[in-house]
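Student: The structure's right below; bear with me while I get my questions together.
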Amino acid sequence: MLHIYNSLTRQKEVFEPIQPRQVRMYVCGMTVYDYCHLGHARVMVVFDTVYRYLKTSGYAVEYVRNITDIDDKIIKRAAENGEPIDALTQRFIDAMHEDEDSLSVLRPDAEPRATDNIQEMLAMIQTLLDKGIAYQGKNGDVYYDVSQFEGYGKLSGRKLDDLRAGERVAVDEVKDDPLDFVLWKASKPGDPAWDAPWGAGRPGWHIECSAMSQKLLGDHFDIHGGGSDLQFPHHENEIAQSEGCTGHKHVNYWMHNGFIRVNDEKMSKSLNNFFTIREVLKDYKAAEVRFFILNSHYRSQLNYGTDQLDAARASLSRLYTAIRGLPESGPAAYTDYENRFIAAMDDDFNTPEAMAVLFELAGDINRIRKTQSDASAAALGALLQRLGNVLGLLQDDPESWFKGSANADGLSDDAIETLIQQRLDARTAKQWAESDRIRDELKAQGVLLEDGAGGTTWKRA
RNA sequence: GGCCGAAUAGCAUAGUGGUAAUGUACCGGAUUGCAAAUCCGAGUACCUCAGUUCGAUUCUGAGUUCGGCCUCCA
């Protein structure tokens, strides 16, 4: 039985969908004005894994992840680049999709864009105004009146008084209360604007998620996810907006992933200590990045470093080695491994625990291959691959995983095979010096040889 | 200042009221012409102090250290 840690209640709860065997899930996606960094990769991979596991568990899942394509940073960046906003956002949406594909992240069922849903936002803001929960400030902006929403603070565990006591809440004279947040920003000259009954402008950040989730998933849905830095104020405000409009519960389970750190500090754009996904993919395979992310629990903080990526590489190599060269096999028989894997995933998506099961399975496969035969291990190998696939791992053919593809300046597969044959001849003649010379030569080219019982295999380092 | 979370071997990550798991690194052995891979084995890892308990790394309290949110953030 699946348990999910609910940020709203701060405890693990049994997951019970609103509709039997169906899950509706919304995740806050990217603001598209730059390349995705590893922090974004974590959100993508974590919720992709949730999505995959829910489907594996037999749920029909409707997964929506929005794209914020209008906001201050986008406007600013487009101006800096001298580039139309549409062109900028489309460029980075395309880049985001490339990054996702490389990380084996499945496309959500819908990726609504804020600018395509302005009418829905206007309608929601109007409802809030009609209900007296929102008001227009002297500067023309429309604000949400947090004092009108009884549950304000329930997600982030804050009280209004505590928030007001915070030193960092700036005093703003156009708002009735410094905690009131903007629903609609009155237009400034030159900025993109949409007509509205209360004056041309553009939406505040929070309203898009309320409007688009309601449109695509309804007033009340199962899971809402995002980075833990969105818990406050973004998600808190989203609840206030949605529940203020509908008068009833918005989301049953809130999930927040921890962030990636660099040198024990949060990776973020403002600290300028971030690594983009494509930057990291120059040195590591995407599957290694995915492994690195899933090797820690999604709610913990995760420190980024080449040591961790190197360890991920070695670990994946062990798993692929276990299944390399195994004969085809039908579905693996019932095993305790699968039960333990499921139990781990059912426990709030405990991927590190689930991966430990994969390694025990790999050890078992290696033992069987050694003491019995490859054929005897084939079913377990198929199981290992299938369970790995649930996590979006072990999706490659082992042979191509190890051999990779030749660099422009590297040896071709044929050249490698030729040298291996030459070495085999030397070995047959017991010319060890020549044999070792060839092996060293290949090693210098990044090709590692392994002499197994069934012949010599090779891999690109 | 308010609110939250974390501390487990050299490193990284799980987990548990009673033999602490997984990867990686290191050491010994098997295997190998030598390696690599693989297998077997070893290694005195639960932040400190107090409390509850027959028993605490786990529960409670205090402390220390680190991190996060309170401002745009994944």
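The values are calculated or read from the model by the stated rules, or taken from the named source; none is laboratory data. Predicted model, so just to flag it, every value in this text is computed and none were measured. With ideal geometry, Cβ positions are generated from the backbone for all residues, glycine too; neighbour counts draw on all protein chains shown.
Student: Out of all the residues in the stretch A:441-461, which are assigned to a strand (DSSP E or B) and polar (S, T, N, Q)?
Tutor: A:Thr456, A:Thr457
Student: Mind listing whichever residues of the stretch A:328-363 are at pLDDT below 95 and in a loop (DSSP other than H, G, I, E, B)?
Tutor: Within the stretch A:328-363, A:Glu328, A:Ser329, A:Gly330, A:Pro331, A:Ala332, A:Ala333, A:Tyr334, A:Thr335 meet the criteria.
Student: Taking the stretch A:197-235, which residues are touching a Ser or Thr at 6+ places or on another chain (Cβ under 6 Å) and away from RNA strand B (no atom under 16 Å from the Cβ)?
Tutor: Listed by number, the residues that qualify are A:Ala200, A:Gly201, A:Asp219.
Student: Might you let me know whether the stretch A:167-179 holds any residue that is at pLDDT 95 or above, among the hydrophobic types (A, V, I, L, M, F, W, C) and surrounded by 14 or more Cβ atoms within 10 Å (Cβ to Cβ)?
Tutor: No; the residues of the stretch A:167-179 include none that is at pLDDT 95 or above, among the hydrophobic types (A, V, I, L, M, F, W, C) and surrounded by 14 or more Cβ atoms within 10 Å (Cβ to Cβ).
Student: Every residue in the stretch A:401-440 that is outside any helix (DSSP H, G or I) and among the aliphatic types (A, V, I, L, M), please.
Tutor: Correct list: A:Ala406, A:Ala408, A:Leu411, A:Ala429.
Student: OK, next. Name the residues in the stretch A:236-272 that are within 12 Å of RNA strand B (Cβ to nearest atom) and more than 20 Å from the chain's Cα centre (by Cα), would you?
Tutor: A:Glu236, A:Asn237, A:Glu238, A:Asn263, A:Asp264, A:Ser270, A:Leu271, A:Asn272
Student: Restricting the stretch A:280-301 to residues that are of a type in the set (A, V, I, L, M, F, W, C) and outside any loop (DSSP other than H, G, I, E, B), which is farthest from RNA strand B (Cβ to nearest atom)?
Tutor: Here the answer is A:Ala286.
Student: If A:Ile277 satisfies every condition in (1) more than 22 Å from A:Gln308 (Cα to Cα); (2) within 13 Å of RNA strand B (Cβ to nearest atom); (3) crowded, with 23+ Cβ neighbours inside 10 Å but one, which is the exception?
Tutor: (1)
Student: Next question, about the same structure. Hey, any hits in the stretch A:26-47 for a residue that's closer than 22 Å to A:Glu338 by Cα, surrounded by fewer than 22 Cβ atoms within 10 Å (Cβ to Cβ) and among the hydrophobic types (A, V, I, L, M, F, W, C)?
Tutor: no
Student: If you don't mind, another one. Does A:Gly218 fit the bill of being surrounded by fewer than 23 Cβ atoms within 10 Å (Cβ to Cβ), farther than 17 Å from A:Arg42 by Cα and not acidic (Asp, Glu)?
Tutor: Yes.
Student: Of the conditions (1) among the aromatic types (Phe, Trp, Tyr); (2) closer than 30 Å to A:Gly392 by Cβ; (3) part of a loop (DSSP other than H, G, I, E, B), A:Phe92 fails just one. Which one is it?
Tutor: A:Phe92 satisfies all of (1) among the aromatic types (Phe, Trp, Tyr); (2) closer than 30 Å to A:Gly392 by Cβ; (3) part of a loop (DSSP other than H, G, I, E, B) except (3).
Student: Is it the case, given these coordinates, that A:Pro112 is out of contact with any Lys or Arg (no Cβ under 6 Å at 6 or more places or on another chain), within 16 Å of RNA strand B (Cβ to nearest atom), at pLDDT 95 or above and within 30 Å of A:Lys154 (Cα to Cα)?
Tutor: yes
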